[in-house]
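Chemist: After the structure tokens below, expect a handful of questions from me.
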């Protein structure tokens, strides 16, 4: 079956196509060349419409223990957003911690075709995959989380050579079926178990004597040397702490040129100036990002309203628990592996701090020059639910809308920002970079995020509309692997995406100390820890897509 | 004008959601229109006319006849008017109501007056568990209004209650006043175990000392004459309740707790 | 106009809009309610220097009070709701909260539900041990104090009121002027909704606007000072040797009308044979206050 | 089922029969006979070694084909006023299929273990908690306080694996670990230290636990307590425990909600959980709820991610409608509100459906005996014996793979329920 999409305006930054009118041909789930005989089975007239690859959310908490704790904890949040079943779709719930099924449907309805869970605890990876397996339509993948796991810290305390650490990282990525590596409050989650309440970049874990800086260095080196395309995904120290911008600047400096992705940078860009001892560090952070080409960031924009924060960073989540709204929260220590904290939160536009957070996020978006190195996220659901992306896109693309919003916020916060003077408006092309081409490149998805021949036919088609929120809320068509899954913003077919993974090679000798470690200290056997490929295929709906490693990987 | 009357045609197996049957939602509708309204009763679609024989035309006074404890959500969110129920009422009677009056000539099931904000519920019978409480996950139980129960209540009366009054002429079940945030629960009869468990603030006013005594998670603050009690009794005197007939007292033994929590709640026992 | 030999001047008293409230102080017995009420309404003769004008309106029978104890109704007036709130709060805090066995209630419904704090902020004296109670739609605070609990209603209503109603009694001698004032006050105390805020209800230092001293904006009403008859443009005839004033604040113009009527009537009842010569009133030419109380109309 | 297979030995087998999901079992399979060779206990033994007796579905007591049975069930569902899917002793995919069927048929879902599970879930939904997991306990616990539970009766290997292990990762002297029981005394010696030190027991009746824990919480906060005794325990003893908790570096407070078997035990658990949060102001302390056997944790987890709500959710309105009190199996059946009960119990022959007036369909483990023959009975395979599967441990963090140990030909719950769903 050959499908022709005729006459659309293509925004395909991977091929430098900025608003180029071109036909697209799709066969067997892939984008193909025009047939030599010109014969097509189906043609859709998309003249005048905006065509982009399916959008990719490179940081969204859609599966795994902490998200599911959030779901179970918040019946009151679901009750206002229950979703009825239809002939085609399962029932579920939306808003802050939506059900997996609803998550898949909603993403697809907004033209997203992939989402990546950024905090997969290795010990909890099986659950993360189960949940992602139940997330329809979109592709998914996870970043395995290390850095507070005792095995790594033991290796580091024992001064293990980098080769061994690379092996361990590769082993973890392989057996948790991950596509990248994440570190959360490096070593801090572990330190919290020893009753340390903060851990700055150069502060030592009282038991291991290891610092966050050491951990970042070791892990980013491992990722680079293994050739894993996605740079180390870093949720830095001191999340949410006023003055943490210095730690962040220090972290950028300390990356020493190694690729590093700093996630939800907004939460790490705070100064201590002003009467409230809380100020924007966005300008300095953006300047550092602009200067250091090895650094990529996603923003973690906050938007006002009720949401829930879910993080592996239980040290910081515990510190934030007095702000829980409603007043309930969970913190867990997990399996000598990591931890998690789930704290519901309501961002209020009349709160100085929240209003400034909103501004800091937008300042960062507008002051980082290179759209290939900054990504559109709300750190769903931490800053806001992902369903607010069209609104966020409008804030980026429409200065007057942005300034109208700004003028309604806490007055003192308005005085503390120069956001109103930032004239930049993102173009459609830049949005396509940020949410498609750049994201695919960052995650390491060879065949996604672009519309070149051979790419998977994940295609989103919009009617151009000056109101970008309306435009990005409701695409005309969304194709997933060549199948029409959404029409006029509604799901018309349910498919099940693939799971993207990397499989870096490792030396099997790493299993010797691991086996001993599991047997001696763990309550689970090493063999049962590993997630098999069959588990990803599961009941037959799932599939595994192994993404290529970057050339130059050491092993 | 005669009361708009819903006579249950036969006792149904499944629970019926009666939330559409309030003055706020029925005003201006004819009996035929009302009969055609869809109701949820189990998974099969039914209409109000399938469930009830409907008569009358004054939706300011709604009457349920032949009522059963499977008729849930009666008076849901009502803002004014009057509902009289002959027979039992189901769960969530008067949930979210902000005004008006509900009278049950029979007993009510769990969550009577769940998260109600105003108005009055009078049960001429017994009420189930969680009178005036909050649904799981929600933080505030009733935040206003008065619930009067001529008989007994089940467990967890006033769980998470924030404001308003619950008056129990009979006995209160276990965990009366649990997790109470504020408000007043008064009991003429006996009380069950774990009185005021995890209560934060609020008043449990007892006409008689609990048979099992006061538990160790409350501290005795001594005997006192409290100036607010006469005001409270003056308020009781206005009600259609056994409480109107109690001779007012202001001399009480005061216990504070639950000391495991913030400990600002009080049990006042008549002396 | 002449009543019982007393001439009623063809003049008027001039009064101003104020904001007022009524509070009820109860206690174990009337004496302790009175102790508190007297302090609450003390030093409240004139809004100019006291910030408010207040006095006891009347005592209340136990059947008339919210908590069934003996009580005292006090009226308190100020130029605006904000100033009133400040005065009520300070006075309640210092004179009622402190007074043994007292309780404090609102005695009036606010216009359009407007109210000011009564015990709302006093509650913080409870240091976290205070207890809120909603009874009959009103919020009360129970504040633990050393004698038990201080019960206070959270808010009290604010209403528009009238301040500065007055009349002057001109008599042949000081004792006669005072006797007439006492008779007037005795009668006026029975009128609801009014107070006479000066000590004993009577003021001898009536004032005029302005002064020769720049710092002062009011000074002695020399035209009515009997000892200055020869030194100033006097309003007094030779036989008048003493003038006293009764100032009235009330919840409405009608209330003040009534109070003035019974007061003047009582003064006049003593008549010329007791040395009462004239009834007059103070005004500023009608330019400053919108409420005018024409003596002859009131007494007609 | 073939009898002539050579015996096969399986290592590192995970057990779904107990919430701590020990996965170090060595098992011998000979034909359809399963025998635990290593690391078994009373509970896993019964779980793994219960023999297969029947393999044939029955309709109204008469043998039927699987297809006939499925069609019969579908027919019951088609005509039902209100179906109830209960029991739910199943694994990941069984839970998925049950939820898909419930969604499609407007059924109510509830699990056999909800009564206990909800004692924790209701706390989570009200104030949340701080908890830890088994490996952390194994390496860090210095003071274990067991609340109202005789752990070893239901988790026989808990002490051996989590408390009296040979070595802690952080050099802790294992013998120094303190164990205190509040409420029930231990039934055996598992809690006794290797050096022979017996656990301290502050005994009281279940009915006194709410007050005992509230008083302990008050003492931890340094509040004045007037009483000198609560539930038969001297307050001075609780004062000592409060001091121990404040001094401990990593205390763990554990309970088995199934053993806190009294009405509104969630209120007690909430008191404990709030106390734990308060302890963390200065030191580290965590809760460890023990439960989760036979799919208990699994079905709640799957229901939460697929619908937002745990068990006790009804789909009769075409959307998930959660109500932990109204949607309770026994209440529904007592009131005849469901006319079809589909009962799933693939792990345990003893977990039979409650008596009711509803037409009862049982997807049960082979060998299940009934007082009243159900309308339909389909013997199903046991996850982790007859087919692969996955199950969650008590902590709802760790899930383990369950293996297919023998080839019994019994269908899985997933197979049957998916077939029913498709037939609708």
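Chemist: Hey, can you tell me all the residues within region B:133-151 that are touching a strand residue (DSSP E or B) at 6+ places or on another chain (Cβ under 7 Å) and either within 21 Å of residue C:133 (Cβ to Cβ) or free of Cβ contacts under 8 Å to residues at least 40 places away in the same chain (or both)?
Modeler: B:142, B:143, B:144, B:145, B:146, B:147, B:148, B:149
Chemist: Kindly indicate which of D:135, D:192, D:131 is away from chain B (no Cβ under 14 Å), without any contact (Cβ under 8 Å) to a residue 12 or more places away in the chain and buried (at least 19 other Cβ atoms within 10 Å of the Cβ). Don't jump to the end; show me each part of the working.
Modeler: Working: D:192 fails: buried (at least 19 other Cβ atoms within 10 Å of the Cβ); D:131 fails: without any contact (Cβ under 8 Å) to a residue 12 or more places away in the chain.
The match here is D:135.
Chemist: Across region D:307-333, what is the number of residues that are at the interface with chain A (Cβ under 10 Å from one of its Cβ atoms), part of a loop (DSSP other than H, G, I, E, B) and under 22 Å from residue A:103 (Cβ atoms)?
Modeler: The first filter runs over region D:307-333 and keeps only residues at the interface with chain A (Cβ under 10 Å from one of its Cβ atoms), leaving D:307-310, D:313, D:315, D:317-324.
Okay, now just the ones that are also part of a loop (DSSP other than H, G, I, E, B), so D:308-310, D:315, D:317-320, D:323-324.
Subset that is under 22 Å from residue A:103 (Cβ atoms): D:308-310, D:315, D:317-320.
Going through region D:307-333 one residue at a time, the tally reaches 8.
Residue-wise test of (1) closer than 30 Å to residue A:537 by Cβ; (2) in contact (Cβ under 8 Å) with a residue 40 or more places away in the chain; (3) in contact with a helix residue (DSSP H, G or I) (Cβ under 7 Å, 6 or more places away or on another chain).
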position: A:161; (1), (2), (3): no, no, no
position: A:166; (1), (2), (3): yes, yes, yes
position: A:176; (1), (2), (3): yes, yes, yes
position: A:179; (1), (2), (3): yes, yes, yes
position: A:185; (1), (2), (3): no, yes, yes
position: A:189; (1), (2), (3): no, yes, yes
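Chemist: Out of A:135, A:103, A:86, I need the residue that is within 14 Å of another protein chain (Cβ to nearest Cβ), outside any strand (DSSP E or B) and surrounded by fewer than 24 Cβ atoms within 10 Å (Cβ to Cβ). Which one? Quick ask: steps written out before the conclusion?
Modeler: Working: A:135 fails: surrounded by fewer than 24 Cβ atoms within 10 Å (Cβ to Cβ); A:103 fails: surrounded by fewer than 24 Cβ atoms within 10 Å (Cβ to Cβ).
Within the list A:135, A:103, A:86, the selection yields A:86.
Chemist: Return yes when residue D:362 is away from every other protein chain (no Cβ under 11 Å) and surrounded by fewer than 21 Cβ atoms within 10 Å (Cβ to Cβ) and no when it is not.
Modeler: Spelling it out, it is not the case that residue D:362 is away from every other protein chain (no Cβ under 11 Å) and surrounded by fewer than 21 Cβ atoms within 10 Å (Cβ to Cβ).
Chemist: Can you list the strands (runs of 3 or more DSSP E) lying wholly within region A:442-533 that have 2 or more residues being touching a helix residue (DSSP H, G or I) at 6+ places or on another chain (Cβ under 8 Å)? Break it down into steps so the answer makes sense when it comes.
Modeler: On the way: elements: A:459-462, A:477-480, A:483-487, A:499-501.
Hits in region A:442-533: A:477-480, A:483-487, A:499-501.
Chemist: A further question follows. Look at region D:102-127 and say how many of its residues are in contact with a strand residue (DSSP E or B) (Cβ under 7 Å, 6 or more places away or on another chain), assigned to a helix (DSSP H, G or I) and farther than 18 Å from residue A:75 by Cβ.
Modeler: Residues flagged as in contact with a strand residue (DSSP E or B) (Cβ under 7 Å, 6 or more places away or on another chain), assigned to a helix (DSSP H, G or I) and farther than 18 Å from residue A:75 by Cβ within region D:102-127 amount to 1.
Chemist: Which condition from (1) in contact with a strand residue (DSSP E or B) (Cβ under 8 Å, 6 or more places away or on another chain); (2) within 14 Å of another protein chain (Cβ to nearest Cβ); (3) buried (at least 20 other Cβ atoms within 10 Å of the Cβ) is the one that residue D:142 breaks?
Modeler: Unmet condition: (3).
Chemist: Looking for something within 14 Å of another protein chain (Cβ to nearest Cβ) and touching a strand residue (DSSP E or B) at 6+ places or on another chain (Cβ under 9 Å) - is there at least one such residue anywhere in region C:75-93?
Modeler: Looking through region C:75-93, none of the residues is within 14 Å of another protein chain (Cβ to nearest Cβ) and touching a strand residue (DSSP E or B) at 6+ places or on another chain (Cβ under 9 Å).
Chemist: While we're looking at this one, here's another question. From the list A:95, A:59, exactly one residue is within 25 Å of residue A:475 (Cα to Cα), more than 7 Å from every other protein chain (Cβ to nearest Cβ) and crowded, with 24+ Cβ neighbours inside 10 Å. Which is it? Steps first, answer last, please.
Modeler: Details: A:95 fails: crowded, with 24+ Cβ neighbours inside 10 Å.
Only one candidate passes the filter, namely A:59.
Chemist: With the requirement that a residue be within 14 Å of another protein chain (Cβ to nearest Cβ) and surrounded by fewer than 16 Cβ atoms within 10 Å (Cβ to Cβ), what does region B:34-45 give you? Spell out the reasoning first.
Modeler: As a first pass, look at region B:34-45 and keep what is within 14 Å of another protein chain (Cβ to nearest Cβ): B:38-45.
Within region B:34-45, B:38, B:44, B:45 qualify.
Chemist: Can you confirm whether residue D:347 is modelled with pLDDT of 95 or more, more than 14 Å from chain A (Cβ to nearest Cβ), crowded, with 22+ Cβ neighbours inside 10 Å and part of a loop (DSSP other than H, G, I, E, B)?
Modeler: Details: modelled with pLDDT of 95 or more: yes; more than 14 Å from chain A (Cβ to nearest Cβ): yes; crowded, with 22+ Cβ neighbours inside 10 Å: yes; part of a loop (DSSP other than H, G, I, E, B): yes.
Yes, satisfied.
Chemist: Filter region B:222-262 down to residues that are within 14 Å of chain D (Cβ to nearest Cβ), more than 20 Å from residue B:192 (Cα to Cα) and buried (at least 21 other Cβ atoms within 10 Å of the Cβ), then give me how many there are. Full working, then the answer.
Modeler: Taking region B:222-262 first, the residues within 14 Å of chain D (Cβ to nearest Cβ) are B:222, B:253-262.
Still in the list and also more than 20 Å from residue B:192 (Cα to Cα): B:222, B:261-262.
Those left that are additionally buried (at least 21 other Cβ atoms within 10 Å of the Cβ): B:261.
Of the residues in region B:222-262, 1 are within 14 Å of chain D (Cβ to nearest Cβ), more than 20 Å from residue B:192 (Cα to Cα) and buried (at least 21 other Cβ atoms within 10 Å of the Cβ).
Chemist: Restrict the check to region A:209-221 and report whether at least one residue is closer than 22 Å to residue D:282 by Cα, buried (at least 22 other Cβ atoms within 10 Å of the Cβ) and without any contact (Cβ under 8 Å) to a residue 60 or more places away in the chain.
Modeler: No, there is no match, as no residue in region A:209-221 is closer than 22 Å to residue D:282 by Cα, buried (at least 22 other Cβ atoms within 10 Å of the Cβ) and without any contact (Cβ under 8 Å) to a residue 60 or more places away in the chain.
Chemist: Anything in region D:166-186 that is surrounded by fewer than 19 Cβ atoms within 10 Å (Cβ to Cβ) and closer than 21 Å to residue D:22 by Cα? List them, or say none.
Modeler: Those that are surrounded by fewer than 19 Cβ atoms within 10 Å (Cβ to Cβ) and closer than 21 Å to residue D:22 by Cα: D:166, D:167, D:168, D:174.
Chemist: Restricting attention to region D:256-266, does a residue exist that is within 10 Å of another protein chain (Cβ to nearest Cβ) and more than 19 Å from the chain's Cα centre (by Cα)?
Modeler: Looking through region D:256-266, none of the residues is within 10 Å of another protein chain (Cβ to nearest Cβ) and more than 19 Å from the chain's Cα centre (by Cα).
Chemist: Do you know which residues across region A:106-124 are closer than 19 Å to residue D:398 by Cα, more than 9 Å from chain D (Cβ to nearest Cβ) and over 16 Å from the mean Cα position of the chain (by Cα)?
Modeler: Of region A:106-124, the ones closer than 19 Å to residue D:398 by Cα are A:117-124.
Filter once more, keeping what is more than 9 Å from chain D (Cβ to nearest Cβ): A:117-120, A:122.
A:122 - this is the single residue of region A:106-124 that is closer than 19 Å to residue D:398 by Cα, more than 9 Å from chain D (Cβ to nearest Cβ) and over 16 Å from the mean Cα position of the chain (by Cα).
Chemist: Restricted to region B:180-205, and to residues that are buried (at least 24 other Cβ atoms within 10 Å of the Cβ) and over 17 Å from residue C:131 (Cβ atoms), which residue is farthest from the other protein chains (Cβ to nearest Cβ)?
Modeler: Top of the filtered list is B:187.
Chemist: Looking at (1) more than 14 Å from chain B (Cβ to nearest Cβ); (2) surrounded by 24 or more Cβ atoms within 10 Å (Cβ to Cβ); (3) modelled with pLDDT of 95 or more; (4) not in a strand (DSSP E or B), find the lone condition where residue A:11 falls short.
Modeler: So the condition that residue A:11 fails would be (4).
Chemist: If you don't mind, there's one more thing I want to ask. Going by the conditions given, is residue D:360 in contact with a strand residue (DSSP E or B) (Cβ under 7 Å, 6 or more places away or on another chain), touching a residue at least 60 places away in the same chain (Cβ under 8 Å) and not in a loop (DSSP other than H, G, I, E, B)?
Modeler: Details: in contact with a strand residue (DSSP E or B) (Cβ under 7 Å, 6 or more places away or on another chain): yes; touching a residue at least 60 places away in the same chain (Cβ under 8 Å): no; not in a loop (DSSP other than H, G, I, E, B): yes.
So residue D:360 does not fit the description; no.
Chemist: Would region D:281-296 turn up any residue that is more than 11 Å from chain B (Cβ to nearest Cβ), surrounded by fewer than 20 Cβ atoms within 10 Å (Cβ to Cβ) and assigned to a helix (DSSP H, G or I)? Spell out how you get there, then give the answer.
Modeler: Step one: list which residues in region D:281-296 are more than 11 Å from chain B (Cβ to nearest Cβ), which gives D:281-296.
Restricting the remaining residues to those that are surrounded by fewer than 20 Cβ atoms within 10 Å (Cβ to Cβ) gives D:281-283.
Among the residues that remain, those that are also assigned to a helix (DSSP H, G or I) are: none.
Scanning region D:281-296, I find no residue that is more than 11 Å from chain B (Cβ to nearest Cβ), surrounded by fewer than 20 Cβ atoms within 10 Å (Cβ to Cβ) and assigned to a helix (DSSP H, G or I), so the answer is no.
Chemist: What is the residue count in region A:31-83 for residues that are outside any strand (DSSP E or B) and under 30 Å from residue A:232 (Cα atoms)? So that I can check it myself, show each step before the final result.
Modeler: Initial filter on region A:31-83 (outside any strand (DSSP E or B)): A:33-41, A:46-49, A:54, A:58-81.
If we keep only those that are under 30 Å from residue A:232 (Cα atoms) as well, we get A:54, A:58-71.
Of the residues in region A:31-83, 15 are outside any strand (DSSP E or B) and under 30 Å from residue A:232 (Cα atoms).
Chemist: With the requirement that a residue be surrounded by 11 or more Cβ atoms within 10 Å (Cβ to Cβ) and either within 24 Å of residue C:275 (Cα to Cα) or without any contact (Cβ under 8 Å) to a residue 24 or more places away in the chain (or both), what does region C:211-226 give you?
Modeler: First pass over region C:211-226, keeping only residues surrounded by 11 or more Cβ atoms within 10 Å (Cβ to Cβ): C:211, C:217-226.
Listed by number, the residues that qualify are C:211, C:217, C:219, C:220, C:221, C:222, C:223, C:224, C:225, C:226.
Chemist: Are there strands (runs of 3 or more DSSP E) fully within region B:161-271 with at least 1 residues that are free of Cβ contacts under 8 Å to residues at least 40 places away in the same chain? List them. Give the steps one after another, and end with the answer.
Modeler: Working: elements: B:163-168, B:184-187, B:203-206, B:218-225, B:251-257, B:265-270.
Correct list: B:163-168, B:184-187, B:218-225, B:251-257.
Chemist: Here's something else I'd like to know. What strands (runs of 3 or more DSSP E) completely inside region A:288-341 contain at least 3 residues that are away from chain D (no Cβ under 13 Å) and closer than 29 Å to residue A:149 by Cα?
Modeler: On the way: elements: A:295-298, A:305-311, A:330-334.
In region A:288-341, the matching strands (runs of 3 or more DSSP E) lie at A:295-298.
The values are calculated or read from the model by the stated rules, or taken from the named source; none is laboratory data. Just so it is clear, the structure is predicted and the values come from calculations on it, not from any experiment. Quick reminder, even Gly has a Cβ in these numbers, built from the backbone with ideal geometry, and neighbours come from all protein chains shown.
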